[in-house]
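Asker: Dropping a structure here in structure tokens format, bear with me for questions.
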Amino acid sequence: MKLLNIFKTFRTDEDGAVTVDWVVLTAAIVGLGIAVVTTVSGGLRTAATTLTTDLAATMGDAATATDADTGTGDGDSGSGN
């Protein structure tokens, strides 16, 4: 009789089914996250490379313009001549 009661309790117990549901839901969310990261990472890498290149070019242009401004020696001190 004891073995029969164990089987009846096991059959009516819902805890295992809920655990399986949570495991499946969590696995789906993790899989979706991996898919999103994989899809977006290429575009982010391209955007970061473009940003770095543009900033380097702008900084180079600014440095060149600053060097040219200070090395012209045109004698204009802003006195209004």
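The values are calculated or read from the model by the stated rules, or taken from the named source; none is laboratory data. Being a predicted model, the structure only gives us computed values, none of them experimental. We work out accessible area using only protein heavy atoms, side chains counted, and drop any ligands, DNA or RNA first. Shrake-Rupley method; radii C 1.70, N 1.55, O 1.52, S 1.80 Å.
Asker: Looking only at region 11-22, how many residues end up being open to solvent by less than 80 Å² (accessible area, probe 1.4 Å) and modelled with pLDDT of 90 or more?
Answerer: 0
One line per residue, one yes/no per condition, for (1) hydroxyl-bearing (Ser, Thr, Tyr); (2) modelled with pLDDT of 90 or more; (3) assigned to a helix (DSSP H, G or I):
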| residue | (1), (2), (3) |
| --- | --- |
| Leu3 | no, no, yes |
| Thr9 | yes, no, yes |
| Val24 | no, yes, yes |
| Gly31 | no, yes, yes |
| Thr39 | yes, yes, yes |
| Gly60 | no, no, yes |
| Thr64 | yes, no, yes |
